[in-house]
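First up is the structure itself, then whatever we jot down about it.
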Amino acid sequence: MPSGFKVTSIPKEQTYDWLLHKHYAKRIPSISYAFGLYDGNKQLQGVCTFGTPPRMLNSGHGCFGDALPINTYELNRLVVNGDLPKNCLSYFVSSCLKYIDKPACIVSYADASHGHHGYIYQATNWIYTGITAMEKIYIDKETGTTIHPRTVVSLFGSREEASLPKHIEVSKETSGKHRYFKFLGNKRQIKKMNDCFKYPILSYPKGDNKRYDASYQPNVQQTLFL
């Protein structure tokens, strides 16, 4: 454990400034759990959030079949300040998982289009299942804003182009994302999840990670923890 650091649950609203301005996605996802990483001076150095996964993975049916309905969450945002001590990110992720209600299956994605390979998940022994299919990105012609596919579904009930309003159209297709899973529970529960897991387990991908500009300093930098 990095000296002086602590991880604790935080109100999801405290992550918003980080997610909107510091994370490259620049949007707030579904949030069921939110956690903060604090240094020895009680300064917030990072946030991590978990929420509703893609629809096909809800309730675990997409991972294990109907015989094993395990709650599934997506680790959907992880952003920290730079120049943190070695192993701090691994400590942060591992500590967050301890707070999740168990048994549970956690999925997370490393965006290949941004040069990410998911090394943090490899370092914390997640299961790698390959790269997802290419995904469409939509644009609202009236406002000029881009819309994520999941947002399109939540707004209009479908992402099929024929069912969308005329001012919503496909802007581009993005490359797939590396997909990782982590099983949480006791030994018996994890064994059952491994036995029922439907995805192929593959070797970890390698390559040079690209860094994005995360120099923005959020307004919320300090919170007393219990």
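The values are calculated or read from the model by the stated rules, or taken from the named source; none is laboratory data. Remember, predicted model here, so these are calculated numbers, not experimental data. Cβ atoms come from the backbone with ideal geometry, glycine included; neighbour counts cover every protein chain shown.
In this entry, Leu68 is excluded by the filter for residues that are modelled with pLDDT of 90 or more, of a type in the set (A, V, I, L, M) and over 18 Å from the mean Cα position of the chain (by Cα). Restricting attention to the range 59-106, the residues being part of a loop (DSSP other than H, G, I, E, B) and either acidic (Asp, Glu) or touching a helix residue (DSSP H, G or I) at 6+ places or on another chain (Cβ under 8 Å) (or both) number 11. Note on the range 111-142: among residues that are touching a helix residue (DSSP H, G or I) at 6+ places or on another chain (Cβ under 7 Å) and either within 21 Å of Phe183 (Cβ to Cβ) or of a type in the set (Lys, Arg) (or both), the one that is surrounded by the most Cβ atoms within 10 Å (Cβ to Cβ) is Ile120.
Is at least one residue of the range 6-13 part of a helix (DSSP H, G or I), within 15 Å of the chain's Cα centre (by Cα), without any contact (Cβ under 8 Å) to a residue 12 or more places away in the chain and over 20 Å from His178 (Cα atoms)? It would help to see each step written out before you state the result.
Keep residues of the range 6-13 that are part of a helix (DSSP H, G or I), which gives 12-13.
Keeping just the survivors that are within 15 Å of the chain's Cα centre (by Cα) gives 12.
After this cut, where a residue has to be without any contact (Cβ under 8 Å) to a residue 12 or more places away in the chain as well, the list is none.
Checking the range 6-13: not a single residue is part of a helix (DSSP H, G or I), within 15 Å of the chain's Cα centre (by Cα), without any contact (Cβ under 8 Å) to a residue 12 or more places away in the chain and over 20 Å from His178 (Cα atoms).
Among the conditions (1) in contact with a strand residue (DSSP E or B) (Cβ under 8 Å, 6 or more places away or on another chain); (2) without any contact (Cβ under 8 Å) to a residue 12 or more places away in the chain; (3) not basic (Lys, Arg), Gly157 misses just one, which is (1).
Screening the candidates Gly51, Gly46 for the property of being touching a residue at least 40 places away in the same chain (Cβ under 8 Å) and of a type in the set (Gly, Ala, Ser) yields one hit, Gly46. Among the residues of the range 76-96, some residue qualifies, meaning at least one is more than 26 Å from Phe197 (Cα to Cα), touching a His at 6+ places or on another chain (Cβ under 9 Å) and in the same structural domain as Phe5 (by TED's automatic domain parsing).
Looking at Phe197, is it assigned by TED's automatic domain parsing to the domain that holds Ile28, of a type in the set (A, V, I, L, M, F, W, C) and modelled with pLDDT of 75 or more? Answer is yes for this residue.
Of all the residues in the range 167-203, those that are more than 25 Å from Lys102 (Cβ to Cβ), surrounded by 14 or more Cβ atoms within 10 Å (Cβ to Cβ) and either touching a residue at least 40 places away in the same chain (Cβ under 8 Å) or within 18 Å of the chain's Cα centre (by Cα) (or both) number 3. Is it fair to say Ile190 is closer than 21 Å to Trp18 by Cα, at pLDDT 80 or above and in a helix (DSSP H, G or I)? For Ile190, the condition - closer than 21 Å to Trp18 by Cα, at pLDDT 80 or above and in a helix (DSSP H, G or I) - is not met.
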